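The values are calculated or read from the model by the stated rules, or taken from the named source; none is laboratory data. On a predicted model such as this, the values are computed, not experimentally measured, just so you know. Ideal geometry is used to build each Cβ from the backbone, glycine not excepted, and the neighbour counts take in all protein chains shown.
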Amino acid sequence: MQIVLPGALPDPAEARELTSYLQTTAPTLLRWLELGRARASAADPAQTGCTPYEQWQLAQRGFKPRAGQNLSAGLAPLLTTAPITDNTPIWLAELVHVSPSRDGAALLPACELAITPEQSVALFESAQSLFEGTDFTLHTCGTEHWRLGLPAEFTPICASPTVVSLSSVNDWWPQDIAARPWRRLVNELQMSWFEHPVNQARYQQGQVPINSLWLFGGASADQLTAPPQAGASQRYDSLLGFHTSRDWGGWLAALAQLEEQVFRPLAGGKPPDLVLTGRNRIIEIQPSAWGALTQWLPGSRQAWRKWWSPQD
């Protein structure tokens with residue numbers, strides 16, 4: 001069994017402060033950390049264009065970026081649910097909300113918008129008329145994403161919508177000459193959707209509008225060299241929001257709930273493989289065959305602290 005915990009790794013200084021709480025909050029998890037063998041990987045979203053969890057997902061599928069691509073290019077073939085019959089570049093547009101912020105513009109990804117299939121279809125039909133006569137093509141590809149065809153000369157280096165939501169639209173919005181047609185098209189779409197019936201209804205329901213698209217991807221399906229493994233891991237996201245907002249009281253409360261509902265019921269069996277992600281790193285932990293013996297060696301049960309809160 002493999003358990004994936006996005007947001008389980010605080011930054012080193014915060015991790016040191018939280019260490020003393022682990023014994024009372026999540027003793028089962030703490031024991032797994034003490035007895036396991038850890039492997040650390042760097043995961044800098046500014047370089048990869050994706051979150052550490054997205055980076056781990058792509059590594060599981062054997063993705064390798066080509067020249068001119070960052071790691072997030074692989075997210076488009078990874079997330080595409082429709083059958084792929086060729087190996088042309090796959091670009092996705094995610095339905096998002098964009099609003100002004102102190103840093104220029106902030107983005108809310110589709111997963112935070114509660115988009116219904118009916119809303120997605122209505123917005124798609126209105127967007128199609130704007131795409132007619134341009135060098136871009138638009139295809140349905142699910143409720144939250146649409147597949148796009150791009151002009152051959154436009155191959156932007158993008159970031160995942162989740163990464164953009166954690167930083168700023170301005171950090172990733174393409175500004176080169178080749179991107180002008182796409183910027184113009186997005187601006188027209190934003191104006192068109194401002195008073196769209198879907199968004200008028202969302203206003204009345206107290207929801208923010210779906211007012212833009214975020215483009216990402218660019219890789220082809222053959223760059224995912226490893227097949228998906230159904231049921232290979234169980235992901236629990238309850239720590240992630242508190243980790244992002246640096247709400248460590250909420251983080252500890254969510255960890256205690258995971259201990260009660262997930263970790264403790266597994267305490268009597270073989271420890272699971274663990275994947276923990278933080279802001280810019282990934283820790284993968286496997287049960288050690290010698291864990292039960294080496295735990296009695298001096299300092300062995302404290303070895304996990306070296307990667308939990310490393311000293312620079």
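Odds and ends about this structure:
- Residue list for region 213-241, filter: among the aromatic types (Phe, Trp, Tyr) and either part of a strand (DSSP E or B) or modelled with pLDDT under 95 (or both): TRP214, PHE216
- In summary, GLU118 fulfils each of the numbered conditions (1) under 27 Å from GLY231 (Cβ atoms); (2) part of a helix (DSSP H, G or I); (3) out of contact with any Pro (no Cβ under 8 Å at 6 or more places or on another chain) with the single exception of condition (1).
- Residue count for region 50-82, restricted to those that are exposed (fewer than 13 other Cβ atoms within 10 Å of the Cβ) and closer than 23 Å to ALA127 by Cβ: 2
- Test: THR155 is assigned to a helix (DSSP H, G or I) and surrounded by 14 or more Cβ atoms within 10 Å (Cβ to Cβ): no
- Only one entry in SER212, SER192, SER168 is assigned by TED's automatic domain parsing to the domain that holds PRO83, touching an Asp or Glu at 6+ places or on another chain (Cβ under 8 Å) and within 20 Å of ALA105 (Cβ to Cβ), namely SER168.
- Qualifying residue in region 6-14 (condition: among the charged types (D, E, K, R), touching a residue at least 40 places away in the same chain (Cβ under 8 Å) and not in a strand (DSSP E or B)): yes
Listed here are the residues, each with its yes/no results for (1) touching a Cys at 6+ places or on another chain (Cβ under 7 Å); (2) among the charged types (D, E, K, R).
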| position | (1), (2) |
| --- | --- |
| PHE216 | yes, no |
| ALA221 | no, no |
| THR225 | no, no |
| GLN229 | no, no |
| ASP237 | no, yes |
| LEU240 | no, no |
| SER245 | no, no |
| GLY250 | no, no |
| ALA254 | no, no |
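- Consider region 244-264 and keep the residues that are at pLDDT below 95 and part of a helix (DSSP H, G or I). The one that is farthest from GLU153 (Cα to Cα) is SER245.
- Of all the residues in region 175-189, those that are exposed (fewer than 15 other Cβ atoms within 10 Å of the Cβ) and either basic (Lys, Arg) or under 19 Å from ALA105 (Cα atoms) (or both) number 7.
- Counting residues in region 84-103 that are under 19 Å from the mean Cα position of the chain (by Cα), modelled with pLDDT under 95, among the polar types (S, T, N, Q) and part of a loop (DSSP other than H, G, I, E, B) gives zero.
- Identity of the residue in region 228-247, on the phi < 0 side of the Ramachandran plot and without any contact (Cβ under 8 Å) to a residue 12 or more places away in the chain, that ends up surrounded by the fewest Cβ atoms within 10 Å (Cβ to Cβ): ALA230
- Exactly one residue out of ALA8, ALA26, ALA15, ALA106 is under 18 Å from LEU255 (Cα atoms), surrounded by 17 or more Cβ atoms within 10 Å (Cβ to Cβ) and modelled with pLDDT under 95: that is ALA15.
- Among (1) part of a loop (DSSP other than H, G, I, E, B); (2) touching a Leu at 6+ places or on another chain (Cβ under 8 Å), the one test that LEU130 misses: (1)
- Check on GLN60, within 22 Å of the chain's Cα centre (by Cα) and closer than 30 Å to LEU266 by Cα: yes
- Filtering SER129, SER165 for residues that are closer than 17 Å to LEU79 by Cβ and small (Gly, Ala, Ser) leaves a single hit, SER165.
- Flag if GLU188 is over 30 Å from ALA8 (Cα atoms), of a type outside the set (Val, Ile, Thr) and in a loop (DSSP other than H, G, I, E, B): no
- Set PRO151, PRO109, PRO156: member being under 26 Å from GLN229 (Cβ atoms) and either among the acidic types (Asp, Glu) or assigned by TED's automatic domain parsing to the domain that holds ALA201 (or both): PRO109
- Criterion: within 19 Å of SER233 (Cβ to Cβ) and either in contact with a His (Cβ under 6 Å, 6 or more places away or on another chain) or hydroxyl-bearing (Ser, Thr, Tyr) (or both) - qualifying residue of GLY7, GLY36, GLY62, GLY74: GLY7
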